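The values are calculated or read from the model by the stated rules, or taken from the named source; none is laboratory data. Here the structure is a predicted model, which is why all the values come from computation and not from measurement. So basically every Cβ, Gly included, is an ideal-geometry build from the backbone, and we count neighbours across all protein chains shown. Ligands, DNA and RNA are excluded from the accessible area calculation, which covers all protein heavy atoms including side chains. Shrake-Rupley method; radii C 1.70, N 1.55, O 1.52, S 1.80 Å.
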Amino acid sequence: MAEEQASLVRARSDSENSSKLGSFGSIVHNMTYTDDRLTAAEGSGDPGNTANTAASPPDDGGDGESGELLDYNDTSVLEQFHEDALRQAGCGLSQLRVLTATGLAAAGASLELAAIPFILPSAEMELCILPHEKNWLVLISLVGGSLGAVGWGVLAERLGRRRTLLSCLAVNAVFAAIAAFMPTYGTFMMARFCSAIGSGGVAPAGYPYAGEVTARGARRAALAAVAAAAAGGALLAPALAAATLPLTGASTLVENKEHFSAWHRYLLLCTLPILASLISMIWTPESPRYLLEVGREVDAMMVYQRLHAGNVVRACGRRSECRLAELALPGKRPRPAPPAPALAHVRHSVKMFWQAFFQLFSSMYRTTTLSLTGILFFTVSIQFYLSSYIPSTVLKMANEQFEASKTIIQNTTLVAEHYNLTLENVEFTNVTFVDCAFRDMLMSHVTFKNCSFDHVAFANIKSSYTVFMGSTFVNSTIIDTDIEVGRELDPWCVLRGTIVRGVRGGCARHADLAWRLAAPLAEHRHAARAALLAALLALLPRAARPTVVICGASVALAPALYLVQEEHLLYIVEAAYRGLATLVFFAVVAAVVHKYPANLRCTALGLVVSAAHVGGAAARAVADAGPPPAVGAALVAALALAATGAALAARTSAHK
């Protein structure tokens, strides 16, 4: 097998090297790396060794930055050493610990975003969220996730995968818990925005981290396991909602009388995977590939040894001695520079931040970056467009059916009638009420047109979309209700000898008591199961799941949005798109992990995910405008065609 040569530069002193390497050998200058192990070159003491000595790099001791890898070696040499070390370490419990931590992080981030539709009915009642404001709860999460993906992706190259993941998870957990206690819409939105910034770092730090501790043969399975965990988080959202939240609008209105209502408890439960991920990372090491990249090869060797020692129970390979010999060092190494001033350090960090993005668009990576970004941008745009369009379409159909089932009572007189149960979807026209009572009840979607109320008592009533139009009240009482003059009682109502007092200063919006939790539960269950199935299909070889074909299937599926007008069929269409989007996301993540060097892959994945979040936010805003089905189907087809074009460009560049 052809020999490859490697040389590394570290910022550690020689005395530190000798003290840390006592257990597994010393670092020797001018080594030659083979596919099985590192063997000494000339002067190493091995008789008969005729391997060529690695060429020493030029003396670049004038570089004032310490702890950075000098770019005089081919990155593939480090990659080859890393792959050989992982192959010797094997895969087993050590990798399982990392996959558990990253999987829980991905599940928590997915759960947090999937939980928003379930908390909206309760939150909009309690926080008085107006219809045009509630859409911002999703958009603010996407914007925060976009900013977080870019920032944490760059930090993962500087701080390390594990350290960055710990930081973003801590931010996510703290602000997600704070959001559960916020009493106003503004503070709740700000806490959710900060929480989304934290969750935005899970993908750019978590997927490379999982890939970099797993050998090449098992890497696809490791990435698929993280994707499956994310789908599991999305599936957990409706399960927790069904167990925690009220199932109808009426029960939601009643339950909100509690000091700490169910949706607050639901948000706290959604933070559990994040907390579990933080705890599980106590037993995980830093990515050894990152440690090699920043010149900390001693720490990297210790991680390889730790991985090998932890794999007592192995899932692949057979247990053998870990023959991680010595890393090669150049014959002449620069002396570590003294610590730079804080301002210079900040200036250098900003410089490195921008240089990372410029590298992504250099001639070597420009086509790959643009094509992968385009694939995920258009695919995620479809997913978030459907996540708004299909629920609104189903709601429109439900409202039409609800309106058609309305009970109409007209041209009659009701005497001594007592109502103390929920009154829903009823229209009274030209009805006279005499000595009647409406007490301790809910009134939802009730209309009184040109009605007369003589000695009628309204007491302890909660109403939703209830209106009195041109009605007359004589010697009646409206006490301890949310019925207000000028709102539920329109300007044409006449009050004669009628007492209106104890009226609660209600919100300027109507609570929709006709809402049912069953519809969003069914929608999210279908979509999450499809994503979970797609994550399992990602285990298939790449040739069995070509990205171009997957994007083409999205084009072929678009007409169904126009032709299908039945609730459960629409959920199936959305689930099919979710499965395709999961396969595309996995393909993009795998491509980033394999095609970019270690010092760029987190930045690249952060940029791609950030652009996808922006596309999702824009597509959701378009869906909220309510385009007709034909326009929606055409838009989805256009986005799928654009994704297909980007996939073709990516495949073409890969063959060059």
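Among 211, 201, 206, which is open to solvent by less than 10 Å² (accessible area, probe 1.4 Å), in contact with a His (Cβ under 9 Å, 6 or more places away or on another chain) and not charged (D, E, K, R)?
Working: 201 fails: in contact with a His (Cβ under 9 Å, 6 or more places away or on another chain); 206 fails: in contact with a His (Cβ under 9 Å, 6 or more places away or on another chain).
Sole residue among the options that is open to solvent by less than 10 Å² (accessible area, probe 1.4 Å), in contact with a His (Cβ under 9 Å, 6 or more places away or on another chain) and not charged (D, E, K, R): 211.
Per-residue answers, yes or no, for (1) assigned to a helix (DSSP H, G or I); (2) over 30 Å from residue 128 (Cβ atoms); (3) aliphatic (A, V, I, L, M):
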{"site": "364", "(1), (2), (3)": "no, yes, yes"}
{"site": "369", "(1), (2), (3)": "yes, yes, no"}
{"site": "375", "(1), (2), (3)": "yes, yes, yes"}
{"site": "389", "(1), (2), (3)": "yes, no, no"}
{"site": "397", "(1), (2), (3)": "yes, no, yes"}
{"site": "414", "(1), (2), (3)": "no, yes, yes"}
{"site": "441", "(1), (2), (3)": "no, no, yes"}
{"site": "458", "(1), (2), (3)": "no, no, no"}
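Please state which one of 171, 138 is touching a residue at least 60 places away in the same chain (Cβ under 8 Å) and part of a helix (DSSP H, G or I).
On the way: 171 fails: touching a residue at least 60 places away in the same chain (Cβ under 8 Å).
Only one candidate passes the filter, namely 138.
Could you say whether any residue in the stretch 113-122 is closer than 29 Å to residue 220 by Cα and either out of contact with any helix residue (DSSP H, G or I) (no Cβ under 6 Å at 6 or more places or on another chain) or open to solvent by 10 Å² or more (accessible area, probe 1.4 Å) (or both)? Spell out how you get there, then give the answer.
Initially, the stretch 113-122 is screened for residues closer than 29 Å to residue 220 by Cα, giving 113-115.
If we keep only those that are either out of contact with any helix residue (DSSP H, G or I) (no Cβ under 6 Å at 6 or more places or on another chain) or open to solvent by 10 Å² or more (accessible area, probe 1.4 Å) (or both) too, we end up with 113-114.
Looking through the stretch 113-122, at least one residue is closer than 29 Å to residue 220 by Cα and either out of contact with any helix residue (DSSP H, G or I) (no Cβ under 6 Å at 6 or more places or on another chain) or open to solvent by 10 Å² or more (accessible area, probe 1.4 Å) (or both).
Based on this model, can you work out whether residue 294 counts as more than 28 Å from the chain's Cα centre (by Cα), buried (at least 20 other Cβ atoms within 10 Å of the Cβ) and β-branched (Val, Ile, Thr)? Break it down into steps so the answer makes sense when it comes.
Numbers: more than 28 Å from the chain's Cα centre (by Cα): yes; buried (at least 20 other Cβ atoms within 10 Å of the Cβ): yes; β-branched (Val, Ile, Thr): yes.
It is true that residue 294 is more than 28 Å from the chain's Cα centre (by Cα), buried (at least 20 other Cβ atoms within 10 Å of the Cβ) and β-branched (Val, Ile, Thr).
Is there a residue being open to solvent by 10 Å² or more (accessible area, probe 1.4 Å), more than 24 Å from residue 396 (Cβ to Cβ) and touching a helix residue (DSSP H, G or I) at 6+ places or on another chain (Cβ under 9 Å) anywhere in the stretch 462-479?
We begin by selecting, within the stretch 462-479, every residue open to solvent by 10 Å² or more (accessible area, probe 1.4 Å); these are 462-463, 465, 467, 469-470, 472, 474-475, 477, 479.
In the following step, the residues that additionally are more than 24 Å from residue 396 (Cβ to Cβ) were identified as 462, 469-470, 472, 474-475, 477, 479.
In the following step, the residues that additionally are touching a helix residue (DSSP H, G or I) at 6+ places or on another chain (Cβ under 9 Å) were identified as 462.
Within the stretch 462-479, one or more residues are open to solvent by 10 Å² or more (accessible area, probe 1.4 Å), more than 24 Å from residue 396 (Cβ to Cβ) and touching a helix residue (DSSP H, G or I) at 6+ places or on another chain (Cβ under 9 Å).
Taking the condition of being of a type outside the set (A, V, I, L, M) and touching a Cys at 6+ places or on another chain (Cβ under 7 Å), how many residues in the stretch 84-129 meet it? Please lay out each step first, then the result.
Step one: filter the stretch 84-129 for residues of a type outside the set (A, V, I, L, M), giving 84, 87-88, 90-92, 94-95, 97, 100, 102-103, 108, 110, 112, 117-118, 121-122, 124, 126, 128.
Then keep just the ones that are touching a Cys at 6+ places or on another chain (Cβ under 7 Å); that gives 88, 90-91, 112, 128.
Residues flagged as of a type outside the set (A, V, I, L, M) and touching a Cys at 6+ places or on another chain (Cβ under 7 Å) within the stretch 84-129 amount to 5.
Restricting to the stretch 553-591, give me the number of residues that are among the small types (Gly, Ala, Ser), in contact with a Leu (Cβ under 8 Å, 6 or more places away or on another chain) and farther than 18 Å from residue 644 by Cβ.
Final tally of qualifying residues: 1.
Suppose the filter is surrounded by fewer than 18 Cβ atoms within 10 Å (Cβ to Cβ) and either touching a Pro at 6+ places or on another chain (Cβ under 9 Å) or at pLDDT below 90 (or both); does residue 186 pass it?
Details: surrounded by fewer than 18 Cβ atoms within 10 Å (Cβ to Cβ): yes; either touching a Pro at 6+ places or on another chain (Cβ under 9 Å) or at pLDDT below 90 (or both): yes.
Yes: the conditions hold for residue 186.
Find the residue count for the stretch 433-459, including only residues that are touching a Lys or Arg at 6+ places or on another chain (Cβ under 9 Å) and within 20 Å of residue 475 (Cβ to Cβ).
Of the residues in that region, 3 qualify.
Six or more apart or on different chains, Cβ under 7 Å: which pairs go from a residue in the stretch 561-585 that's of a type in the set (Lys, Arg) to one that's open to solvent by less than 50 Å² (accessible area, probe 1.4 Å)? Could you list them?
Taking only residues 6 or more apart or on different chains, the pairs are 578/383; 578/527; 578/530; 578/531.
Among the residues of the stretch 586-603, is there at least one that is among the charged types (D, E, K, R) and surrounded by 23 or more Cβ atoms within 10 Å (Cβ to Cβ)? Step through it out loud before you land on a result.
Taking the stretch 586-603 as the starting set, the residues that turn out to be among the charged types (D, E, K, R) are 595, 601.
From what's left, surrounded by 23 or more Cβ atoms within 10 Å (Cβ to Cβ): 601.
For the stretch 586-603, residues among the charged types (D, E, K, R) and surrounded by 23 or more Cβ atoms within 10 Å (Cβ to Cβ): present.
Working only within the stretch 232-261, note down all residues that are hydrophobic (A, V, I, L, M, F, W, C) and at pLDDT below 90. I'd like the intermediate steps shown before the answer.
Of all residues in the stretch 232-261, those hydrophobic (A, V, I, L, M, F, W, C) come to 234-237, 239-243, 245, 247, 250, 253-254, 260.
Within the stretch 232-261, 247, 250, 253, 254, 260 meet the criteria.
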